[in-house]
Amino acid sequence: MDALMKKVNTGVFNSKPVVVMPLTVWDKMRERIDEMQEDLEMYMSDNYKKNIAISRASKVYTSAQAKKKLGL
């Protein structure tokens, strides 16, 4: 992220602070912001937390056991 921030300039336009950056930098930052938003929504979901608890409580099989159960 530091490499991206080196390409960013700050200034004032109509007496308001502005940030000027190349569109490629904005696109990368926007992708990361979208990923973080999705993560936040996922972590705040009660269903997500419930499904994790169910998965952690379920029995775990080794690959050999899974192959044997599936008849592979």
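Which ³J(HN,Hα) values, rounded to whole Hz and listed in residue order, are derived for the stretch 29-45 from phi using the Karplus coefficients 6.51, -1.76 and 1.60 in 6.51 cos²θ - 1.76 cosθ + 1.60 with θ = phi - 60°, glycine and proline given as x?
Coupling constants for the stretch 29-45: 5, 5, 4, 5, 4, 4, 4, 5, 5, 4, 4, 4, 4, 5, 5, 8, 7 Hz.
Could you calculate, for the chain, the ratio of the Cα radius of gyration to the Kirkwood radius, expressed as Rg to Rh? Walk me through the numbers before you get to the answer.
Details: Rg = 22.9 Å, Rh = 16.9 Å.
That ratio is 1.35, to two decimals.
With every protein chain kept in place and ligands, DNA and RNA left out, what is the accessible area per residue of the stretch 1-50? Probe 1.4 Å, answer in Å². Working shown, then result.
Numbers: 4630 Å² over 50 residues.
Roughly 93 Å² per residue, with all protein chains present.
In the stretch 11-72, carbon and sulfur make up what percent of the accessible area (probe 1.4 Å)?
Values: 3460 of 5880 Å².
Carbon-and-sulfur percentage of accessible area, whole number: 59.
Specify which residue in the list M21, Y43, M5 is farthest towards the positive end of the charge dipole of the chain, using unit charges on the beta carbon of Lys, Arg (+1) and Asp, Glu (-1), about the Cα centre.
Result: Y43.
How far, in nm, would the chain grow between Q37 and L23 when pulled straight, counting 0.36 nm per residue and subtracting the alpha carbon separation? Mind dumping the intermediate values first?
Working: separation 14, 0.36 × 14 = 5.04 nm, distance 2.05 nm.
Separation in residues times 0.36 nm, less the Cα-Cα distance, equals 3.0 nm.
First select every other residue whose beta carbon is under 15 angstrom from the beta carbon of V8; then total the charges, Lys and Arg +1, Asp and Glu -1. All intermediate terms of the calculation are to be shown ahead of the outcome.
Values: positive: K6, K7, K28, R30, R32; negative: D2, D27.
Charge balance in the 15 Å sphere: +3.
Looking at the chain, how many pairs of lysines come closer than 22 Å at the Cα, when each pair is eight or more places apart or spans two chains?
So the count of such lysine pairs works out to 9.
The values are calculated or read from the model by the stated rules, or taken from the named source; none is laboratory data. Everything quoted here is computed from the prediction, not taken from an experiment. Every residue, glycine among them, receives a Cβ derived from its backbone with ideal geometry; neighbour counts consider all protein chains shown. Please note that ligands, DNA and RNA were not included when accessible areas were found on the heavy atoms of the full protein model with its side chains. Shrake-Rupley method; radii C 1.70, N 1.55, O 1.52, S 1.80 Å.
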